[in-house]
Each structure stands twice: as structure tokens, then as C-alpha cells.
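Working notes for the structure below.
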């Protein structure tokens with residue numbers, strides 16, 4: 001388990017002090033895939049680097065595996081860090097080493113015998129689907145393959161926790177899905193706790209079971225992904241969940257809108273088309289983020305209702321009769 005208790009980090013410079021995070025209180029349970037989401041500059045990367053003390057907190061305490069990280073000696077901290085793997089947006093591979101050599105590097109530092117280390121590294125290459133790329137250099141690998149090597153390297157010392165700092169931001173959508181699937185598989189097979197730092201809600205949706213939203217250096221919302229996704233309480237959570245372009249909810253504020261939540265109880269059917277025909281009322285789809293799993297709908301949709309009160313009433317009655325969950329969409333100040 002990871003606990004952050006009143007953690008803050010302030011950077012001092014000639015231009016003045018800058019507080020990157022403050023009043024951070026989080027508990028990440030063993031086996032969680034925990035997302036930390038926020039806009040650029042919100043403090044996400046500083047927060048995750050405080051977990052393994054790559055950044056030493058100015059205030060507060062970080063407890064990992066029952067130990068206060070800030071109270072460990074240098075030698076004890078190095079040992080503790082072997083149980084906390086980390087992967088980065090830029091992969092951070094050693095260009096002069098092969099894929100196998102990159103994975104061997106932390107094992108060499110840990111003093112593992114060469115034969116045992118090579119066997120372990122090859123097992124990890126196989127785990128990430130790159131057994132045939134052992135002798136390839138980073139320049140010969142695609143972005144997705146580089147990240148797979150980075151994941152294998154992070155797992156080399158058999159960590160209990162894997163920290164992912166914007167690990168998919170440099171990847172295309174298809175490769176992102178593949179890497180997220182791999183991380184989910186690692187969580188299931190190895191029981192590794194995963195902390196995911198991202199600015200993309202779709203990443204959190206894909207693999208996380210819990211999420212914390214950070215804004216202006218502080219945690220403003222936390223909970224199960226399904227709850228935060230369905231019922232965001234803060235303006236920043238709404239902004240992250242909704243699209244960041246002109247097609248977002250902001251373009252229709254002042255009109256009556258509802259957010260429909262699909263939690264898997266609905267079958268795949270043209271709900272909006274059926275509703276429009278049955279209610280004789282046109283609606284505007286402002287935002288939609290839904291997917292079908294095993295024939296069931298999951299996700300959400302924001303609809304702008306017609307101006308006519310009676311048409312609005314027909315639409316709402318239609319949804320209630322079919323037990324389709326919805327909430328009134330209002331602006332959070």
C-alpha cells in the first residue's frame with residue numbers, strides 16, 4: 001500500500017518559490033490501477049516522482065510497504081526503489097544497448113549473476129511480446145516497441161509498484177490501446193500495483209479502477225472511476241471528461257442538457273433514434289463517449305433537449321420508463 005500524507009513540494013529559485021503540489025492525501029491499495037489525471041502543469045508528474053522520492057517532498061510523508069520513505073537512509077532508499085518500477089513518456093532507453101541490454105541494466109546494478117539476469121530479461125521480453133527483438137537497438141524499434149522494452153526493464157527487479165508518467169502520450173491511438181492492454185495484463189498476472197499519470201480520461205477509463213483529479217497543485221476529486229466518470233463533481237473533472245474543443249458542453253451552456261450514463265445494463269440499440277421517433281422530438285448530441293462490451297453499452301452521452309417544454313417532458317419520460325440513468329447537465333462554477 002502507498003500512502004501520501006499532507007505531501008507538498010515547493011521549488012525555490014531566485015525568481016521566487018513555486019509550489020508544485022500541496023496538501024496531497026492519497027491511499028493506493030495493493031493491486032490497484034490508480035489514475036492521477038489533470039491538465040498540464042497541474043502537478044501530476046511532481047506527485048508521482050514524490051512516491052519514489054525522485055523528488056523529495058518539502059512537507060508530509062510518503063509511506064510505501066509500511067516504511068516512511070523520507071526517513072530511510074540512502075542505502076535503504078535505493079533498496080526500496082527496486083520495488084518501485086517507473087516508465088516515462090520518452091521511454092528513456094539507453095541507445096547504445098540492445099533491448100536485452102536495456103532490461104539487463106537494472107539487474108546488473110542489483111548485482112544479479114549474469115546467467116540468471118539474462119534468463120530473467122528474456123522472460124520479460126517474452127512477457128511484453130518482444131522475444132524476437134532481444135538484439136535490436138532502440139533506433140530499430142517503433143515507439144510502441146520501445147515502450148514495451150521500457151516496461152520490461154521496469155519489471156526487471158520484480159517491483160510491487162509500477163509508476164507510469166504519461167507513458168502513452170507519445171504513442172498513436174492504436175499503440176496506446178495495446179500498451180494499456182499490456183499494463184492491464186501485467187496487473188492481472190503479476191499483481192503489480194500500477195499508478196497511471198495522464199491528462200487523458202480515455203486512458204483512465206481503459207484500465208484504472210480508481211482515479212484522483214488534480215488541479216492547481218491539489219487533489220480536488222477522488223473515487224472509483226465509474227463514479228467520477230458518471231458524476232463528476234468539479235469543473236476540472238467535467239472539462240477532462242468532456243472534449244477540449246468547440247464541440248464540448250461549453251458551446252451549449254444556457255440550453256437544457258442531460259447526461260445519459262450507460263452502465264452495461266442497456267443492450268446495443270439505436271437509443272437516440274428510437275427515442276426521437278417515439279417522442280416526436282429532435283435532440284442534439286453534444287458529446288458521446290460510448291462503447292459496447294459483450295453486447296452491453298458503457299459510457300456516456302450529453303444531449304441538448306428541444307426548447308419545447310412538452311417535448312422535453314416526453315424525452316425524460318421515455319428515459320425513465322426504460323430505466324436509463326440521466327442527470328441534468330449544469331455548469332459548475
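A compact table of results
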quantity	calculated
Lone unmet requirement of (1) under 30 Å from residue 26 (Cα atoms); (2) at pLDDT below 80; (3) assigned to a strand (DSSP E or B); (4) in contact with a strand residue (DSSP E or B) (Cβ under 6 Å, 6 or more places away or on another chain) for residue 220	(2)
Residue that is part of a strand (DSSP E or B) and either touching a residue at least 24 places away in the same chain (Cβ under 8 Å) or not assigned by TED's automatic domain parsing to the domain that holds residue 36 (or both), where the choices are 236, 214	214
Within the range 163-175, tally of residues that are surrounded by fewer than 21 Cβ atoms within 10 Å (Cβ to Cβ) and in contact (Cβ under 8 Å) with a residue 24 or more places away in the chain	6
Residue 85 vs. criteria assigned by TED's automatic domain parsing to the domain that holds residue 27, in contact (Cβ under 8 Å) with a residue 40 or more places away in the chain, closer than 30 Å to residue 5 by Cα and assigned to a loop (DSSP other than H, G, I, E, B)	no
Any hit, the range 57-76, residues being crowded, with 20+ Cβ neighbours inside 10 Å, in contact with a helix residue (DSSP H, G or I) (Cβ under 9 Å, 6 or more places away or on another chain) and without any contact (Cβ under 8 Å) to a residue 60 or more places away in the chain	yes
The range 194-204: number of residues that are surrounded by 20 or more Cβ atoms within 10 Å (Cβ to Cβ) and not in a strand (DSSP E or B)	3
Enumeration of residues in the range 63-82 that are in a helix (DSSP H, G or I) and within 12 Å of residue 154 (Cβ to Cβ)	81
Single condition residue 6 does not satisfy, out of (1) surrounded by 18 or more Cβ atoms within 10 Å (Cβ to Cβ); (2) modelled with pLDDT of 95 or more	(1)
Complete set of residues in the range 93-110 that are modelled with pLDDT of 90 or more and in a loop (DSSP other than H, G, I, E, B)	93, 94, 95, 96, 97, 98
First in the range 33-53 and outside the structural domain of residue 90 (by TED's automatic domain parsing), second anywhere and assigned to a strand (DSSP E or B) and surrounded by 24 or more Cβ atoms within 10 Å (Cβ to Cβ), Cβ under 7 Å, 6 or more apart	none
Any chance residue 47 is surrounded by 22 or more Cβ atoms within 10 Å (Cβ to Cβ) and on the phi < 0 side of the Ramachandran plot	yes
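Residue by residue, here is whether (1) in contact with a helix residue (DSSP H, G or I) (Cβ under 7 Å, 6 or more places away or on another chain); (2) within 26 Å of residue 80 (Cα to Cα) holds:
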{"position": "134", "(1), (2)": "yes, no"}
{"position": "137", "(1), (2)": "no, no"}
{"position": "145", "(1), (2)": "yes, no"}
{"position": "159", "(1), (2)": "no, yes"}
{"position": "166", "(1), (2)": "no, yes"}
{"position": "169", "(1), (2)": "no, no"}
{"position": "174", "(1), (2)": "no, no"}
{"position": "182", "(1), (2)": "yes, yes"}
{"position": "191", "(1), (2)": "no, yes"}
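The values are calculated or read from the model by the stated rules, or taken from the named source; none is laboratory data. Source: prediction; values computed, not measured. Backbone-built Cβ (ideal geometry, glycine too); neighbour counts: all protein chains shown.
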